[in-house]
Amino acid sequence: MEKITCTGCSLLCDDIIVKKDGSNIEEIIGACLKGVERFEMISSKHRVLKPYIRDGDSLEEIDWDTALNKVVELINKSNNPLLYGFSNTTCEAQLKAIELAREINGFIDSNSTICQGKALNVAKETGFTTSTLTEVINKSDVMILWGFNAVESIPRLLNKILFSRGKFRMTGREIKTIIILDPIKTDSFNVMGPRDIALLIEPDKDIELIETLKEICCTENALPSNEVAGLDKDDFKRLQTNLTNSEYISIFVGQGLLKNQEGKNPLKSLFELIDIINERNKKGRASIILAGGHFNMMGFEHVALSNTGQNQSLSFNNHQLIESQETIISKIENKDFDLSIILGTDPISHLPMRLSKKLASKPIILIDNSRSGTYLIADLILPTSISGLETDGTAIRLDNVPIKLKKVIDAPQNLLSDEDLLNKIIEKLREKREGI
Amino acid sequence: MELRLNSVRMINHDQSKEFSLGELDIMEEELAIAYINPQDFEEMYLTASLKLHISNENGEIIVNFEQDEDVPKGTVLMPVSIWSNQLTTVKDGEIVNKNIAVQVEASRDPPTKLNVIIKKIRNE
């Protein structure tokens with residue numbers, strides 16, 4: 001029996017027990033559906049174990065030397081390579097990917113740019129108040145899920161923060177209130193009890209609610225004259241009462257708040273609201289936690305920031321970081337690339353078709369251990385070990401806490417880790433350049 | 001009928017899982033699915049054996065559907081997947097995958113297969 005950290009999502013549960021029989025995992029105890037799926041990938045019959053090159057509709061298996069030579073050939077032909085993904089790998093591999101981008105004068109971005117990383121860009125202007133999960137567990141009496149379906153995105157989050165007993169919340173669930181703001185009644189609504197508040201907000205009207213709250217929250221008996229964003233006066237009053245009288249409000253922000261509404265950025269307004277609550281609420285404080293999904297989405301932000309001074313969308317020229325307003329979206333939209341190197345993600349499936357068609361129009365090198373939409377399009381596929389299960393490393397949890405990942409079993413067929421494969425590519429490129 | 005499409009993560013219709021562990025030629029069974037309000041079901045004269053043809057200026061797909069009282073009237077809910085992303089778009093440099101106007105009609109054709117979408121992406 002061994003206690004390990006799960007890399008099924010950004011919660012990085014470090015209380016998972018595995019029973020091993022030699023090189024096989026016999027039993028997994030404590031993992032959620034997403035976690036179990038991650039473990040099942042180890043022995044999936046569809047797992048990618050060999051390098052492949054595309055020949056029309058079919059994939060041809062090739063040896064590693066041929067594959068690496070092909071990578072070098074494609075990169076050397078490219079004048080404008082694009083590197084994307086890196087939120088399902090370790091911080092060590094992320095660092096190596098930035099080194100590769102610098103080496104080949106490429107543009108590198110992570111999934112975070114189109115997800116919770118947007119909030120960090122807003123925070124550069126406004127700053128923001130955040131918490132660790134330990135603080136939430138120990139102190140929080142009100143938890144707000146705003147545009148965030150915790151039950152299906154980060155399944156064990158509520159077990160940890162809502163149903164747990166904290167240092168200052170010894171009675172646990174019965175003194176914790178959960179408020180859900182969402183246009184859809186998601187599965188997260190099913191955990192609600194009598195003291196909780198379900199608020200079905202009109203689509204794209206979050207900004208209206210936040211702006212109203214900025215005006216009157218934490219002000220005694222202040223209520224709007226009309227319905228706000230589909231919330232009637234009673235609903236608004238209940239929300240207002242909780243924001244005014246709670247000791248520690250934790251707001252988890254999901255995908256629902258990432259898009260501009262009425263020409264305004266709801267995240268910026270929310271950060272301002274938090275500041276206002278913290279100023280007016282004499283009794284307690286409020287903070288925000290960004291609920292990204294991929295297990296090391298926050299990692300790329302930290303690794304990029306600490307190594308280059310910029311947290312995402314890094315553009316290199318002459319092996320130096322240059323100023324650029326580009327993002328992964330603008331690069332693909334403008335077809336401003338001639339090769340893409342994708343690691344541990346599936347942009348062909350996850351991006352709107354308009355972008356996936358453009359991405360597919362140029363050669364794709366895919367580094368991944370499982371099939372995906374991108375796998376069905378990529379010109380060259382390089383498999384690696386599964387980070388955190390077959391490789392040690394570091395990841396940054398959704399609340400910005402670094403967590404050590406421990407290798408559980410050996411990778412099959414001596415597959416390299418993402419970090420080692422990226423390193424090998426860099427070495428090959430340098431050898432070629434130096435004529436070795 | 002015009003509805004608003006919302007694509008959301010659904011743990012039981014998880015694209016990564018289907019790609020990693022499932023069979024590609026029947027992936028549409030889990031991912032080409034939409035949820036609509038029973039009132040919209042009635043207004044569109046749908047029956048259980050029909051499918052939904054969902055389209056907008058970005059693309060079109062045919063999907064299975066289920067009625068769900070938790071889905072607000074006027075909304076069609078889909079799991080995030082290569083199917084829903086045939087209808088999503090980019091606006092002002094941002095991906096728009098929620099609250100998108102779509103036309104929804106009954107169809108007798110089977111759900112769109114993965115290989116049809118892949119060919120479209122490859123421009124074949």
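The values are calculated or read from the model by the stated rules, or taken from the named source; none is laboratory data. Bear in mind that the values here come from a model prediction, so they are computed numbers and not experimental data. Reconstructed Cβ throughout: ideal geometry from the backbone, glycine too, with neighbour counts over all protein chains shown.
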- Message: Would you confirm, using the coordinates I've provided, whether residue A:316 is away from every other protein chain (no Cβ under 12 Å), of a type in the set (Phe, Trp, Tyr) and over 15 Å from residue A:119 (Cβ atoms)?
- Response: yes
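Could you tell me whether any residue of the stretch A:182-198 is in a strand (DSSP E or B) and within 14 Å of chain B (Cβ to nearest Cβ)?
yes
Has the stretch A:230-237 got any residue that is touching a Phe, Trp or Tyr at 6+ places or on another chain (Cβ under 6 Å) and within 21 Å of residue B:77 (Cβ to Cβ)? Walk me through it before giving the result.
Start the filter on the stretch A:230-237 by keeping residues that are touching a Phe, Trp or Tyr at 6+ places or on another chain (Cβ under 6 Å), which leaves none.
No, the stretch A:230-237 has no match at all.
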- Restricting the stretch A:257-275 to residues that are part of a helix (DSSP H, G or I) and touching a Leu at 6+ places or on another chain (Cβ under 8 Å), the residue that is nearest to the other protein chains (Cβ to nearest Cβ): A:257
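If you check residue B:81 against the conditions, is it within 14 Å of chain A (Cβ to nearest Cβ) and either in contact with an Asp or Glu (Cβ under 7 Å, 6 or more places away or on another chain) or outside any helix (DSSP H, G or I) (or both)? Reasoning before the result, please.
Working: within 14 Å of chain A (Cβ to nearest Cβ): yes; either in contact with an Asp or Glu (Cβ under 7 Å, 6 or more places away or on another chain) or outside any helix (DSSP H, G or I) (or both): yes.
For residue B:81, the condition - within 14 Å of chain A (Cβ to nearest Cβ) and either in contact with an Asp or Glu (Cβ under 7 Å, 6 or more places away or on another chain) or outside any helix (DSSP H, G or I) (or both) - is met.
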- Message: I'd like to know if the stretch A:21-37 contains one or more residues that are of a type in the set (Lys, Arg) and more than 19 Å from residue A:345 (Cα to Cα).
- Response: no
- Name the single residue, out of those in the stretch A:374-399 being polar (S, T, N, Q) and within 19 Å of the chain's Cα centre (by Cα), that is nearest to the other protein chains (Cβ to nearest Cβ). A:374
- Query: Residue check, residue A:97 against (1) among the small types (Gly, Ala, Ser); (2) assigned to a helix (DSSP H, G or I); (3) touching a Lys or Arg at 6+ places or on another chain (Cβ under 7 Å), all met but one. Which one?
  - Reply: (3)
- Note on the structure: Exception for residue B:17 within (1) facing chain A (nearest Cβ under 7 Å); (2) in a strand (DSSP E or B); (3) without any contact (Cβ under 8 Å) to a residue 60 or more places away in the chain; (4) not hydroxyl-bearing (Ser, Thr, Tyr) falls at (2)
- Query: Looking only at the stretch B:91-119, which residues are at the interface with chain A (Cβ under 7 Å from one of its Cβ atoms) and at pLDDT 95 or above?
  - Reply: B:118
- Restricted to the stretch A:53-66, and to residues that are over 14 Å from residue A:363 (Cβ atoms) and either at pLDDT 95 or above or buried (at least 19 other Cβ atoms within 10 Å of the Cβ) (or both), which residue is farthest from the other protein chains (Cβ to nearest Cβ)? A:65
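Can you say whether residue A:144 is of a type in the set (Val, Ile, Thr) and surrounded by 16 or more Cβ atoms within 10 Å (Cβ to Cβ), as far as the supplied structure shows?
Judged against the criteria, residue A:144 is a match.
Matching residues to (1) within 14 Å of chain B (Cβ to nearest Cβ); (2) buried (at least 20 other Cβ atoms within 10 Å of the Cβ); (3) touching a Pro at 6+ places or on another chain (Cβ under 9 Å):
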{"position": "A:8", "(1), (2), (3)": "yes, yes, yes"}
{"position": "A:12", "(1), (2), (3)": "no, yes, no"}
{"position": "A:15", "(1), (2), (3)": "no, no, no"}
{"position": "A:31", "(1), (2), (3)": "yes, yes, no"}
{"position": "A:45", "(1), (2), (3)": "yes, no, no"}
{"position": "A:51", "(1), (2), (3)": "no, yes, yes"}
- Message: Looking for something surrounded by 17 or more Cβ atoms within 10 Å (Cβ to Cβ), over 18 Å from residue B:9 (Cβ atoms) and touching a residue at least 40 places away in the same chain (Cβ under 8 Å) - is there at least one such residue anywhere in the stretch B:31-38?
- Response: yes
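For the structure I just gave you, tell me whether residue A:420 is surrounded by fewer than 20 Cβ atoms within 10 Å (Cβ to Cβ), out of contact with any Cys (no Cβ under 6 Å at 6 or more places or on another chain) and within 18 Å of residue A:65 (Cα to Cα).
Details: surrounded by fewer than 20 Cβ atoms within 10 Å (Cβ to Cβ): yes; out of contact with any Cys (no Cβ under 6 Å at 6 or more places or on another chain): yes; within 18 Å of residue A:65 (Cα to Cα): yes.
Yes: the conditions hold for residue A:420.
If the requirement is being touching a Cys at 6+ places or on another chain (Cβ under 8 Å) and of a type in the set (Phe, Trp, Tyr), which of these qualifies: A:295, A:236?
Details: A:236 fails: touching a Cys at 6+ places or on another chain (Cβ under 8 Å).
Result of the check over A:295, A:236: A:295.
I'd like to verify a number: residues in the stretch A:33-87 that are assigned to a loop (DSSP other than H, G, I, E, B), touching a residue at least 60 places away in the same chain (Cβ under 8 Å) and of a type in the set (Gly, Ala, Ser), how many? Don't jump to the end; show me each part of the working.
Within the stretch A:33-87, the subset assigned to a loop (DSSP other than H, G, I, E, B) is A:44-51, A:56-57, A:62-63, A:78-80, A:86-87.
Add one more test, that the residue is touching a residue at least 60 places away in the same chain (Cβ under 8 Å), and what stays is A:44, A:46-51, A:78-80, A:86-87.
Adding the requirement that they be of a type in the set (Gly, Ala, Ser) leaves A:44, A:78, A:87.
Number of matching residues: 3.
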- Query: Can you tell me which residue in the stretch A:187-235 is nearest to residue A:152 (Cα to Cα), limited to those that are hydrophobic (A, V, I, L, M, F, W, C) and free of Cβ contacts under 8 Å to residues at least 24 places away in the same chain?
  - Reply: A:189
- Query: What's the number of the condition residue A:371 fails, among (1) under 30 Å from residue A:152 (Cβ atoms); (2) surrounded by fewer than 24 Cβ atoms within 10 Å (Cβ to Cβ); (3) touching a strand residue (DSSP E or B) at 6+ places or on another chain (Cβ under 8 Å); (4) within 14 Å of chain B (Cβ to nearest Cβ)?
  - Reply: (3)
- Note on the structure: Of (1) in a loop (DSSP other than H, G, I, E, B); (2) surrounded by fewer than 20 Cβ atoms within 10 Å (Cβ to Cβ), residue A:427 fails just (1)
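May I ask you to say which residue of B:11, B:61 is surrounded by 17 or more Cβ atoms within 10 Å (Cβ to Cβ), touching a helix residue (DSSP H, G or I) at 6+ places or on another chain (Cβ under 6 Å), within 9 Å of chain A (Cβ to nearest Cβ) and closer than 30 Å to residue A:45 by Cα? First the steps, then the outcome.
Working: B:61 fails: within 9 Å of chain A (Cβ to nearest Cβ).
Selected residue: B:11, the only one of B:11, B:61 that is surrounded by 17 or more Cβ atoms within 10 Å (Cβ to Cβ), touching a helix residue (DSSP H, G or I) at 6+ places or on another chain (Cβ under 6 Å), within 9 Å of chain A (Cβ to nearest Cβ) and closer than 30 Å to residue A:45 by Cα.
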- Scan the stretch B:49-58 and give yes if some residue there is hydrophobic (A, V, I, L, M, F, W, C), out of contact with any Leu (no Cβ under 8 Å at 6 or more places or on another chain), touching a residue at least 24 places away in the same chain (Cβ under 8 Å) and assigned to a loop (DSSP other than H, G, I, E, B), otherwise no. yes
